[in-house]
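Shown next, in C-alpha cells, is the structure this report addresses.
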Amino acid sequence: MPRFFFDIDDGEKIRDAQAFELTDLYAVRTLAQRTAAELIAHDLQKTAAIRVRVDVRNESGKHVLSALGYGAVLIAATADAPDGTEASDEVSHSSPLDRATRHAIAARRAIDEDGSASLRHLVNMLMHEIGRTVARRLCAAEHKRMRPEEGEDFV
C-alpha cells in the first residue's frame, strides 16, 4: 500500500517523518481535509484567526496535493453589556465590517423569532460571507507581516 507524508504549516512548519498508508488519492484528499479542519478547530481555541496548510508528499518525495484551511471567529458586541451597562466607546468606533457583523446577528435573531426559513438561509449566507471576508483579511495581513523585506532572506 502506498505511503504518504503530511507536512503541516500552521505558522510553524512540521515535516511528517512517519507517513500514512492509504489506498488511493481520494483517501489522501479526505485525510488532508480532515487534518486541516482539526488543526483549525484546535488552534481557534487559542486565537481568533488561523491559517493552516497541509502538503502531502508520496514515498518518492513528490508533492501530491495541498489542503488549505482558513478559520476565523467573529464576536459582535451588543449595544448593552450583559450587566445592563452601556457598551464601551470601542464598540461605537468599530470598523464597518464589525458593524455589519452586529447587524447580521441582529437580523438573524429577528428572523429566528419570525420563523422564515428562506430568510434564515439568506442571513446565514451573509454571516458566512462576512466570516470569510474577515478570515481573508486576517490571513492577508498575516502573510504581509511574515513576508521578508526587500533584500532580506525568508527562513
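The values are calculated or read from the model by the stated rules, or taken from the named source; none is laboratory data. Just so we're clear, the structure is a prediction, and the values are computed from it rather than from any experiment. FYI the Cβ positions are ideal-geometry reconstructions off the backbone, even for glycines, and counts take in every protein chain you see. Ligands, DNA and RNA are excluded from the accessible area calculation, which covers all protein heavy atoms including side chains. Shrake-Rupley method; radii C 1.70, N 1.55, O 1.52, S 1.80 Å.
Data table
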read-out	value
Pick from region 4-15, criterion open to solvent by less than 80 Å² (accessible area, probe 1.4 Å) and closer than 16 Å to GLY61 by Cβ, ranking: farthest from the chain's Cα centre (by Cα)	PHE4
Residue match in region 54-77 (condition: hydroxyl-bearing (Ser, Thr, Tyr), at pLDDT 65 or above and open to solvent by 60 Å² or more (accessible area, probe 1.4 Å))	yes
Some residue of region 16-39 being open to solvent by 100 Å² or more (accessible area, probe 1.4 Å), part of a loop (DSSP other than H, G, I, E, B) and closer than 22 Å to ARG136 by Cβ	no
Region 6-30 residues that are among the charged types (D, E, K, R), paired with ones that are part of a loop (DSSP other than H, G, I, E, B) and open to solvent by 100 Å² or more (accessible area, probe 1.4 Å) (beta carbon under 9 Å, 6 or more apart)	ASP7/ARG15; GLU21/MET1
Of the criteria (1) at pLDDT 80 or above; (2) open to solvent by 40 Å² or more (accessible area, probe 1.4 Å); (3) over 22 Å from LYS13 (Cβ atoms), which one ASP83 fails	(1)
